[in-house]
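So the structure is just underneath, and the comments pick up after that.
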Amino acid sequence: MKKFFQSLYLSPRLFLALAINVELFINAYFLPPAFIFAIGALGLTVTAFLVDLAVLYRVQKGIVARRNTPEKLSNGDENEITLELENYYNFTIKTEIFDELPFQFQKRDTSFLAQVSSGALQELKYTIRPTKRGEYEFGAVKVYAKTPLGLVSRRFVFEQGKTLPVYPSYMQMRQYEIMAMSNRLQDIGVKRIRKLGHSMEFEQIRDYVVGDDLRTLNWKATARSGRYMVNQYTEEKSQPIYCMIDKGRMMKMPFKGLSLLDYAINATLVMSNIAIYKQDRAGLITFAEEMGVVLKAKRNATQMQAITEILYNQKTRYLESDFELLYTNIRRQINHRSLMLIFTNFDSLSAMHRQLPYLRRLNKDHLLVVIFFENTELQELILAPANTTEEVYLKTVAEKFAFEKRQIVRELNLHGIQSILTAPENLTVNTLNKYLELKARGVI
């Protein structure tokens with residue numbers, strides 16, 4: 001009986017019918033002949049209520065609901081969730097479905113309306129966008145079913161509790177991988193870069209075809225065979241590519257729900273996957289005020305899985321990062337010249353100057369690319385009109401910060417250090433463009 005009352009919900013339509021009945025009885029007090037009509041209306045309401053109740057509860061398993069989710073969620077992306085409703089009543093049922101989302105979304109009003117025919121299976125799809133890595137726990141699926149009369153609702157509760165991990169953006173990684181395999185990276189913003197010259201890694205001698213570089217003609221082979229022969233070279237492979245992620249306090253800044261650290265992690269996942277696809281070796285280094293992980297650059301079948309698992313557990317720290325410690329560890333552990341992409345953020349020119357000696361030493365031993373972020377909110381403030389003294393002051397300060405970011409780029413270039421100043425949402429594309437540019441120039 002307790003379960004019965006817990007599952008029973010009276011609808012506003014029933015209360016409206018009862019209110020009309022009360023009004024009829026009030027009017028019957030002043031007009032006695034109307035009393036019989038009021039009794040009849042009340043009897044009709046009670047009968048309809050009992051019939052509605054009987055129809056809803058005569059079937060023990062009237063509605064079945066299931067939630068279908070992926071094995072893991074992709075951070076910063078729209079992940080599709082599917083709700084399945086199956087109607088075991090012999091009539092069309094109207095439902096309202098509440099799905100208990102993880103507390104990280106701070107949503108308690110995720111509801112859907114659906115009308116399910118008798119014996120039918122209906123799917124409802126919606127998307128969720130997590131902005132933090134970690135474990136997300138889903139609760140129950142609650143379904144409120146009612147007949148076409150709609151006087152009462154019956155609640156069905158399906159314990160669909162499930163904990164899903166939120167990993168770095170594997171959806172973005174797959175998107176870029178598919179585009180690379182189909183040679184369509186330019187469709188998502190990656191520039192088609194003309195290869196300058198060729199590497200000196202010889203592959204084979206083959207027949208000349210129209211369009212081949214005449215400088216690759218092999219005159220000895222041509223003289224022996226009596227037809228034009230050219231040397232074919234391959235792009236240098238198995239070059240070590242390291243993504244270095246700064247986990248210091250400056251990487252905690254949020255943009256569009258994601259922290260700068262998460263933008264760097266998502267870009268690292270894509271960059272590492274593309275590097276391995278290009279037959280280079282991908283490695284990973286994390287650091288803050290103390291060293292994190294140093295994963296040596298490899299190109300084996302398990303490297304991407306290892307990188308993904310490491311990135312899943314990274315968190316920002318609250319102290320300033322120690323670049324001297326980073327340089328010391330790299331010098332001790334990495335002996336081969338490598339391309340090192342360091343994801344960090346400098347809020348001022350003086351902050352960059354404190355780390356410049358260590359960046360210069362790193363660049364001496366390796367090819368270093370410093371990747372840091374522009375504040376897109378400052379850009380909006382700069383472009384907005386200033387009508388008051390306060391707005392003029394804020395705009396001036398914003399322009400100063402933006403100017404310092406450009407000065408950092410110039411200062412790094414003066415010392416021969418490659419750099420990328422990018423908006424967070426363009427980080428992945430700009431990083432890939434720089435990698436492909438350096439590959440095309442043959443400087444890695």
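The values are calculated or read from the model by the stated rules, or taken from the named source; none is laboratory data. No experiment lies behind these values; they were computed from the predicted model shown. Glycine gets a Cβ as well: all are built from the backbone with ideal geometry, and neighbour counts include every protein chain shown. Note: areas computed on protein heavy atoms with side chains; ligands, DNA, RNA excluded. Shrake-Rupley method; radii C 1.70, N 1.55, O 1.52, S 1.80 Å.
Just a few scattered comments:
- Test set (1) surrounded by fewer than 17 Cβ atoms within 10 Å (Cβ to Cβ); (2) of a type outside the set (Gly, Ala, Ser); (3) assigned to a helix (DSSP H, G or I) - Arg337 fails condition number: (3)
- Residue match in region 27-44 (condition: touching a residue at least 24 places away in the same chain (Cβ under 8 Å) and over 30 Å from Glu309 (Cβ atoms)): no
- Every residue from region 56-83 that is open to solvent by 10 Å² or more (accessible area, probe 1.4 Å), more than 30 Å from Tyr263 (Cα to Cα) and in contact (Cβ under 8 Å) with a residue 40 or more places away in the chain: Tyr57, Val64, Arg66
- Only one entry of Ile408, Ile371 meets the criterion of being crowded, with 16+ Cβ neighbours inside 10 Å and part of a strand (DSSP E or B), and that entry is Ile371.
- Checking the stated criteria, Ile382 turns out to be open to solvent by less than 60 Å² (accessible area, probe 1.4 Å), part of a helix (DSSP H, G or I) and at pLDDT below 85.
- Restricting region 277-307 to residues that are open to solvent by less than 20 Å² (accessible area, probe 1.4 Å) and not in a strand (DSSP E or B), the residue that is farthest from Arg360 (Cα to Cα) is Gln303.
- Residue within region 30-51 that is modelled with pLDDT under 85 and in contact with a Lys or Arg (Cβ under 7 Å, 6 or more places away or on another chain) present: no
- Output for region 94-114, where each listed residue is open to solvent by 70 Å² or more (accessible area, probe 1.4 Å) and in a strand (DSSP E or B): Lys94, Leu113
- Cross-chain or 6+ apart pairs with Cβ under 8 Å, region 302-327 first and over 17 Å from Val270 (Cα atoms) and hydroxyl-bearing (Ser, Thr, Tyr), then modelled with pLDDT of 90 or more and in a loop (DSSP other than H, G, I, E, B): Thr316/Lys247; Thr316/Gly248; Thr316/Ala288; Ser321/Lys247; Ser321/Gly248; Ser321/Ala288; Ser321/Glu289; Ser321/Thr344
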